[in-house]
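Accompanying notes for the structure given below.
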């Protein structure tokens, strides 16, 4: 049976415009082409969960405009339960404008729009779906995240919080102490540095950062995705272990962070085994980063199985 996972996160439209180079200040240049795509961390995570075998319930806020209508239609056409993706007719849908310099570098501007107006009441409504687990992300205001974790505790289902750094988000002021019990807190080096004032640049500093974070949150596991080849650091409140990363050629990192956390969430909800969940997430993220694009880079479960067999990774699905 597919696990039913409630995603409480953001919904954006990505606006890509490609050019041969980035303009200097005050300069105009001619673009090569542009396109609109569904995007944002919540959308990427929801698609990852579905591709890997979950039934996804998506709680987010979109604007009363054509972008919002297209996002809802996109989700519904994929089979996502979008009943709790509500329309804010007073706001515009969130938009990420991305200027891509022929695939070599990019600059972006994030307009949160209706994502700012997701409330605990919307989250409470979403929990009437009685999910098997919660996945929420640091891409929306604190209040709905705090409410989501609280409702997950009340319903006795696992709560996974992806606190990976989001440029422009309010994570610097996030009231971690207000969170109820978490099953898994997922972070990267940047977010750990922001939350603890310790940059986990090596094993010792990562342990110190986890100890400092443990003074602010209650979590069964803290998972830190360290940079480069340093792997995945897992802390259970007493001991730690490190999962060595699967090496691959990086092509496009657009969706890799969200795919990692979502893959970890679905496998943890299925197995309740944090080591297995991290290994699975590492395999999925290795596939994602080796492919171009964001949504198009996210693999289906059968593709993950084929990748495991081809690379003789020894991971049993």
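Computed with the Debye formula from one identical point scatterer per Cα of the stretch 92-247, without solvent, the log10 of I(q)/I(0) at q = 0.11, 0.19, 0.20 Å⁻¹ comes to -0.49, -1.20, -1.25.
Put simply, the Cα atoms of the stretch 31-147 extend 47, 34, 24 Å along their principal axes, the longest span coming first.
If packing is taken as the average count of other Cβ atoms within 10 Å, what order do 263-276, 73-86 fall into, highest mean first?
The densest-packed peptide leads the list: 263-276, 73-86.
Just need the relative contact order of the stretch 16-146 here, percent rounded to a whole number, with Cα pairs under 8 Å and 6+ apart. Reported relative contact order: 25 percent.
Let me make sure I get this right: for the chain, a, b and c are the square roots of the gyration tensor eigenvalues over alpha carbons, sorted descending. Under 1.5 in a/c it's rounded, otherwise prolate if a/b > b/c, else oblate. Which is it? Rounded is the answer for the chain, as its axis ratio a/c remains below 1.5.
For the chain, the relative contact order is 15 percent, taking Cα pairs closer than 8 Å that sit 6 or more residues apart in sequence and dividing their mean separation by the residue count. Peptides 112-120, 230-238 ordered by packing proxy, namely the average of other Cβ atoms within 10 Å per residue, highest first: 112-120, 230-238.
Over the stretch 202-264, what relative contact order in percent results from Cα pairs under 8 Å that are six or more residues apart? Don't skip to the answer; put the middle values down first.
Numbers: 52 pairs, mean separation 13.4, N = 63.
Reported as a whole number, the value is 21 percent.
Binning the alpha carbon pair distances of the stretch 134-200 at 10 angstrom intervals from zero yields the distribution 22, 56, 20, 2, expressed in whole percent.
I need the peptides 181-191, 202-212 ranked by packing, meaning the mean over residues of other C-beta atoms within 10 angstrom, with the highest value on top. Intermediate values should be presented prior to the final figure.
Values: 181-191: 22.8, 202-212: 16.8.
The densest-packed peptide leads the list: 181-191, 202-212.
For the stretch 219-317, just list the percent of Cα-Cα distances falling in each 10 Å bin from zero outward, please. Result, from short to long distances: 16, 51, 29, 4 percent. Annotation for residue 216 and residue 24: the two label points, set 7 Å from Cα along the Cα-Cβ direction, are 4.1 nm apart.
Values quoted throughout were computed directly from the atomic coordinates according to the rules given, and no laboratory measurement underlies them. What you are looking at is a predicted structure, and each value in this text was computed from that prediction instead of being measured. Virtual Cβ from ideal backbone geometry, glycine too; neighbours counted across all protein chains shown.
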